[in-house]
There are 2 protein chains.
Amino acid sequence: MNRMTIPFVARADYARSADWVAALQRSMPAQRIVAFDQLSQSEKQECTVAIVANPDPQDLASLPALRWVQSVWAGVERLVAQMGSTDISIVRLVDPQLAATMAEAVLAWTLFLHRDMHTYAAQQQQRQWRALDYVRPQQRRVGILGLGSLGEAAAARLVATGFHVSGWSRQRKQITDVACFAGAEQLDFMLAGTDILICLLPLTPHTEGLLDARRLALLPPDASVINFARGQIIDDGALRAALDTGALKHAVLDVFATEPLPPEQWQWQHARVTVLPHCTAPTDMGTASAIVAENIARFLTSGTVPKSIDIERGY
Amino acid sequence: MNRMTIPFVARADYARSADWVAALQRSMPAQRIVAFDQLSQSEKQECTVAIVANPDPQDLASLPALRWVQSVWAGVERLVAQMGSTDISIVRLVDPQLAATMAEAVLAWTLFLHRDMHTYAAQQQQRQWRALDYVRPQQRRVGILGLGSLGEAAAARLVATGFHVSGWSRQRKQITDVACFAGAEQLDFMLAGTDILICLLPLTPHTEGLLDARRLALLPPDASVINFARGQIIDDGALRAALDTGALKHAVLDVFATEPLPPEQWQWQHARVTVLPHCTAPTDMGTASAIVAENIARFLTSGTVPKSIDIERGY
């Protein structure tokens, strides 16, 4: 088989392009991995596959033979929006290491809320010595929105820690020891019985603004929210209002409509908000590159394009 | 069998005496549980067992028939110090629920450090958007001091979460997937390879001041310390100095030489210290009372005093 040239396509300002090219090259020594701007005109005519991280759509449009793109990220909502209806298949990253890292993050921040770490931090500032009542994990109802590979891994960790876990997804799943819900009506029902709500949904036209004022108001008193998915899934104004009134106890936010979160945004200073810089589940370049290499090797030997996302569904 | 009168003996200022008497009475409906100051003089002559929570030694001395005392707490260093050499057996609380709650706390605060929650909180105050490098749990070396029922339960939870776990105890233990050490020399060795050090030791003459300046200095750069045992086990001045220089990255302290921690103490305001109000593993009155009731029932039917602590060893 000939050595194939595979471009890595990202925005010009993406800081980690060179690192990705190097990691991908290590995983595919038999191929030639190059940054998009290193492609010659003749090479551009021949590329059938590209590896992408938030690419410029015009760059992809300049590759006439392109059959599929492999994202190095799990979230592909920008790609879907930019490429629109297309014959080019979009393959997103499904990495067990990413699921493990996300599940650990979900466990860590659920325990942060479960153990009232934000309240104890506030008390420390006031030099206040006051032990809060301990709540057993069996009494803490944790609800996960999104039961894909990330949600399922997170649910397993929470169940093992003794929490009362429920989950909601587009299509109903069956997961041991997790109360599984699906559909709009059941979402309302689940929210009403959720003390800690964890959002792991993909951003699609169906999930944008899903957690609006009405749905947030269904959560019981003293509920908290963790958003590790995409900022746009929670209505920003509704979230702020619920936190202002104390209807919501706390929000742990790793994702925002605009990132980095601009300095003037209200979340930075809100006493009931923990701001994280989109850090909870970083892609591991090593494992991600190995998975991309496997997908590409299978394509080269058999011509099979890996399972691509459903453009209609959005993920 | 006759209805026995069993006193609950605590300091006059202990706020939860009435709650304990009620919980213990529910667990032992066939006996009469009373606060010490409700005992008649003739009843005092007959008491063979007392249930205690930091009792006044003089109160215990007024019970001439006393054969054993049951503590409702796991830590009994004050009892040991106050009762000195005595024929009265001291039985401390060994409660699987307490071990589970402590193990959860160890996991929660280990993840707090592992996930740099203190650093992200400081960054939020500065409106700083900066993701730190992710470290896998397999690369994080967690060392537990004390491998009794609490330490062993904590180790199991940490192993299940993927951490590299070692443990140190007076006598060497064998625990699956935990590197077990014992003795002073091996303590030095273990400290040198510990990123997150968790203290669960009982306070005894052997452990008081155990973590002194020399031993703290053995920890690698960026190590952190969690103390969920007793304040006196860590040399306060040495800890402060190590935090001031940055040799130690962070300390999570739930216990202090004086509790409540006085407002003028340095720990409250130190940027590298998380102060907790002795809240991580509260005794569960329900499960503790049931265990006390079992011990007393066995004593009443068979005359067997439960396994008491070793006064020499101190726990």
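Values in this text are rule-based calculations from the coordinates and carry no lab data. Every value quoted in this text rests on a predicted model; they were computed, and no experiment measured them. Because the Cβ atoms are built from the backbone with ideal geometry, glycine has one as well, and the counts that use them run over all protein chains shown.
A few comments on the model shown:
- ³J(HN,Hα), Karplus 6.51/-1.76/1.60, whole Hz, each residue of region B:75-83, x for Gly, Pro: x, 10, 4, 5, 4, 4, 5, 6, 7
- Where N is the number of residues in region B:1-108, Cα Rg divided by 2.2 N^0.38 Å: 1.12
- When the alpha carbon coordinates of region A:167-315 are projected onto the principal axes, the ranges are 59, 38, 28 Å, largest first.
- Length available on full extension from A:Thr176 to A:Asp19: 0.36 nm per residue minus the Cα-Cα distance, which gives 52.6 nm.
- Å³ per residue enclosed by the Cα convex hull of region A:225-279: 70
- Part-to-part distance (alpha-carbon centres) for region B:154-227 and region A:148-206, which is given in Å: 37
- Lys/Arg +1, Asp/Glu -1 at C-beta; region B:58-192 dipole; positive extreme among B:Ser166, B:Leu111, B:Gly148: B:Leu111
- From least to most packed, judged by other beta carbons within 10 angstrom and beginning with the fewest, B:Phe8, B:Phe256 follow the order B:Phe256, B:Phe8.
- With neighbours defined as other Cβ atoms within 10 Å of a residue's Cβ, the residues A:Glu104, A:Glu294, B:Glu264 order from fewest to most as B:Glu264, A:Glu294, A:Glu104.
- Each other copy places its own label point for A:Asp37 at 8.1 nm from this one, sorted shortest first, where the point lies 7 Å along the Cα-to-beta carbon line.
- Just checking the listed ones, A:Ile296, A:Ile226, A:Ile175: in the Gaussian network model of chain A with Cα springs under 10 Å, the one fluctuating most is A:Ile175.
- Antiparallel content of DSSP bridges confined to region B:156-269, in %, to 5: 5
- Springs join every pair of Cα atoms under 10 Å in this Gaussian network model of chain B, and among B:Ala154, B:Ala241, B:Ala217 the largest mean-square fluctuation is at B:Ala241.
- Förster-model FRET efficiency, 35 Å R0, B:Arg214 and B:Thr258, C-beta, rounded to 0.05: 0.90
- If R0 is taken as 30 Å, the Cβ-Cβ distance between B:Arg26 and B:Gln58 corresponds to a FRET efficiency of 0.55.
- Amide H partners (placed H, <5 Å) of A:Ile226, local residues excluded: A:Leu197, A:Ile198, A:Cys199, A:Val252
- Here, the protein assembly as shown has an Rg and a Dmax of 28.9, 105 Å when only alpha carbons are counted.
- Overall, chain B carries a charge dipole of about 620 debye about its Cα centre when +1 sits on the Cβ of Lys and Arg and -1 on the Cβ of Asp and Glu, all other atoms neutral.
- Cβ-vector label at 7 Å, B:Gly303, separations to other copies in nm: 9.1
- For B:His118, A:His114, B:His278, order by how many other beta-carbon atoms lie within 10 Å, fewest first: B:His278, B:His118, A:His114
- Charge dipole magnitude, Cβ of K and R +1, D and E -1 - region A:89-224, Cα centre, debye nearest 20: 160
- Charge context of A:Ala251, other residues only, Cβ under 12 angstrom, K/R +1, D/E -1: 0
- B:Ala241/B:Ser42 FRET efficiency (R0 56 Å; Cβ-Cβ; nearest 0.05): 0.45
- Intensity falloff of chain B expressed as log10 I(q)/I(0), Debye formula with alpha-carbon point scatterers, at q = 0.12, 0.13, 0.15 Å⁻¹: -0.85, -0.96, -1.18
- Here the convex hull built on the C-alpha positions of region B:153-201 has a volume of 75 cubic angstrom per residue.
- Each stretch of four or more DSSP H residues adds -39500 (n - 2.57); spread over every residue of chain A, this sum gives -10000 deg cm²/dmol at 222 nm.
- Its residues counted as N, region B:90-212 yields a C-alpha radius of gyration over 2.2 N^0.38 Å of 1.16.
- Reciprocal mean inverse distance between Cα atoms of region B:22-67 - Kirkwood radius, Å: 11.3
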